[in-house]
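A.B. asks: What follows is a structure written as structure tokens; I'll ask about it next.
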Amino acid sequence: MRRFRAHLLEIPPYTSARDEFRGEATIYLDANENNLASWSVPYHRYPDPHHVELRGALSAHLGVPAEQLLCGAGSDELIDWLLRAICEPSKDSILTISPTYGVYATYARMHGVGVREVPLEEDFSLPVEGLLAAADEHTPIAFLCRPNNPTGTLWSADSVRRFMERFEGWVVLDEAYIEFSSEPQGWLPYRRDGTIILRTFSKAWGMAGWRVGYAIADPEVAALFYRTKLPYNLSLPAQQAAIKALKNWQEVQNSIRQIQAERQRVAESLLRLSIVEKVFPSEANFLLVRFRGAYEVYQALAERGIVVRYRGNLPQCAETLRITIGTPAENDALLRALEEMDKKRVKAFPLK
Ligand SMILES: Cc1ncc(COP(=O)(O)O)c(C=O)c1O
């Protein structure tokens with residue numbers, strides 16, 4: 001059941017100018033660049049399509065061979081590529097849960113691929129039996145986001161394992177938020193054939209504007225990706241920025257610890273407010289919060305220049321807002337604004 005679309009394997013790969021020559025050259029007249037562009041050096045050159053240096057740096061950071069790494073313009077590019085490489089339009093569907101990160105379903109539909117969404121259990125745990133019941137030979141790939149966006153849930157490793165043991169297709173574990181969780185190694189130590197771990201530099205690494213994501217997958221997945229992706233999917237500055245970021249792991253870790261502490265502080269403060277009904281346990285850098293009147297709270301925050309994400313339109317998320325943990329000062333401003341609203345509400349509707 002773990003297959004790629006057959007026609008992909010037959011297309012001779014597009015080779016770009018920089019693919020064909022290997023070795024050290026002093027004069028490059030192969031890619032129609034402007035060699036007079038002194039104002040743009042070194043960015044007058046096309047970037048490395050194979051991301052050799054970046055994959056090398058990631059390989060050292062993760063302890064994973066470079067042949068098992070794929071780099072994309074954000075993990076969104078990798079999600080899009082996986083859909084196109086694996087699913088037959090009009091025949092296949094992806095298997096996923098609901099609510100979860102919306103890109104899986106949206107881009108599946110864009111490519112004419114169906115979506116089988118299985119609701120999370122009431123406590124937001126993984127619906128293992130429901131997922132397996134929805135799977136068949138037309139669901140070649142499952143997307144599981146752990147910790148899940150927008151619920152913040154880190155499903156038990158046992159439940160993920162139970163699903164993987166019986167699902168015959170590719171399993172994508174989207175670990176965009178894993179660094180904020182109590183299992184920062186994620187699924188890496190347990191990975192086996194057919195598992196594709198997605199990671200991103202956009203969250204813990206603080207580099208959303210650069211658009212760099214990566215996957216850890218079987219060498220055959222990486223090989224097909226490098227044969228069929230857009231040749232220059234990652235700009236040179238983006239590759240350089242990611243390599244530089246990997247050298248700052250210590251600083252990244254410090255910020256993660258601060259965000260985890262702030263997550264706890266914000267959650268505890270929110271629970272003291274009568275407009276807050278529930279703060280869902282989160283292993284990510286955001287909190288899903290059920291308010292009494294979420295949309296009014298959303299609007300009142302926006303009027304004060306504070307933007308959060310209204311999630312009340314998602315299944316099982318009625319009356320919720322998803323709130324990113326910001327700097328301590330930003331979190332204080334949020335809490336002050338909510339406390340003000342809370343006081344006003346208590347005044348208008350005093351509890352007997
Ligand atoms: C679960 C999840 N996966 C992937 C992404 C996309 O990440 P990137 O910026 O690497 O495309 C996001 C962004 O919000 C996300 O929440």
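Since every read-out is calculated from the coordinates, none of them should be taken as a lab result. Since the structure is predicted, the reported quantities are computational estimates derived from the model, not experimental observations. Neighbour counts run over all protein chains shown; Cβ positions are idealised from the backbone, glycine included.
A.B. asks: Using a basic spin-label model with each label point 7 Å from the Cα along Cα→Cβ, how many nm lie between Gln316 and Arg292?
C.D. replies: 2.6 nm
A.B. asks: Give the angle, between 0 and 90 degrees and rounded to the nearest 10, that separates the Cα long axis of helix 219-228 from the longest principal axis of the Cα atoms of the chain.
C.D. replies: Relative to the chain, helix 219-228 is tipped by roughly 80 degrees.
A.B. asks: Follow-up question, since we're still on this one. Two-decimal Rg/Rh of the chain from alpha-carbon positions, Kirkwood Rh? Don't jump to the answer; show the numbers that get you there.
C.D. replies: Working: Rg = 22.6 Å, Rh = 22.2 Å.
Checking Rg against Rh, the ratio lands at 1.02.
A.B. asks: In addition: Return the distance in nm (one decimal) between the two label points of a simple spin-label model at Ser90 and Val252, each offset 7 Å from Cα along Cα→Cβ.
C.D. replies: Distance between label points: 4.3 nm.
A.B. asks: Just to verify a number: FRET efficiency for Gln185 and Ala329, C-beta to C-beta distance, R0 = 30 Å, to 0.05? Could you put the intermediate results ahead of the total?
C.D. replies: Details: r = 32 Å, r/R0 = 1.05.
Approximately 0.45, to the nearest 0.05.
A.B. asks: Could you state the angle between the C-alpha long axis of helix 236-246 and the longest principal axis of the C-alpha atoms of the chain, as a value from 0 to 90 degrees rounded to the nearest 10?
C.D. replies: Between the helix axis and the principal axis of the chain, the angle is about 60 degrees.
A.B. asks: To the nearest 0.05, how large is the calculated FRET efficiency for Asp158 and Ile11 if R₀ is 51 Å and r is the Cβ-Cβ distance?
C.D. replies: Working: r = 41 Å, r/R0 = 0.80.
Computed FRET efficiency for Asp158 and Ile11 comes out at 0.80.
A.B. asks: Continuing with the same structure: Only four residue types carry charge here, +1 at the Cβ of Lys and Arg and -1 at the Cβ of Asp and Glu. Report the dipole size of the chain about the Cα centre in Debye, rounded to the nearest 20. The partial results should precede the final answer.
C.D. replies: Details: 41 positive and 44 negative charges, 205 e Å.
In debye, rounded to 20, the chain gives about 980.
A.B. asks: In addition: For Met1 and Ser274, what does the FRET efficiency come to when R0 = 41 Å and r is the distance between their Cβ atoms, rounded to the nearest 0.05?
C.D. replies: Step by step, r from the Cβ atoms, then E = 0.20.
A.B. asks: How long is the gain from Glu137 to Ala223 if the chain were fully straight, where each residue apart is worth 0.36 nm and the alpha carbon distance is subtracted?
C.D. replies: Values: separation 86, 0.36 × 86 = 30.96 nm, distance 2.43 nm.
Length difference between fully extended and current span is 28.5 nm.
A.B. asks: Suppose every Lys and Arg Cβ carries +1 and every Asp and Glu Cβ carries -1, with no other charges. What dipole size does the range 250-348 come out with about its Cα centre, to the nearest 20 debye? Working shown, then result.
C.D. replies: Values: 16 positive and 13 negative charges, 59 e Å.
For the range 250-348, the charge dipole is close to 280 debye.
A.B. asks: Something else now. How far apart, in nanometres, would the label points at Arg45 and His61 be if each is projected 7 angstrom from Cα along the Cα-to-Cβ direction?
C.D. replies: The two pseudo-label positions are separated by 2.2 nm.
A.B. asks: Could you give the angle, 0 to 90 degrees to the nearest 10, between helix 294-303's Cα long axis and the longest principal axis of the Cα atoms of the chain?
C.D. replies: Helix 294-303 sits at roughly 80 degrees to that axis.
A.B. asks: On to the next question. How much length, in nm to one decimal, is gained on full extension between Ser235 and Glu24, taken as 0.36 nm per residue of separation minus their Cα-Cα distance?
C.D. replies: Numbers: separation 211, 0.36 × 211 = 75.96 nm, distance 2.11 nm.
Separation in residues times 0.36 nm, less the Cα-Cα distance, equals 73.8 nm.
A.B. asks: Next question. Would you calculate a helix-derived [θ] at 222 nm for the chain, using -39,500 (n - 2.57) for each DSSP H run of n ≥ 4 and dividing by the full residue count, to the nearest 500? Present the calculation step by step, with values, prior to reporting the outcome.
C.D. replies: On the way: 12 runs with 133 residues, N = 352.
Computed ellipticity for the chain at 222 nm equals -11500 deg cm²/dmol.
A.B. asks: How many angstrom lie between the Cα centre of the range 1-72 and the Cα centre of the range 265-312?
C.D. replies: The range 1-72 and the range 265-312 have Cα centres separated by 44 Å.
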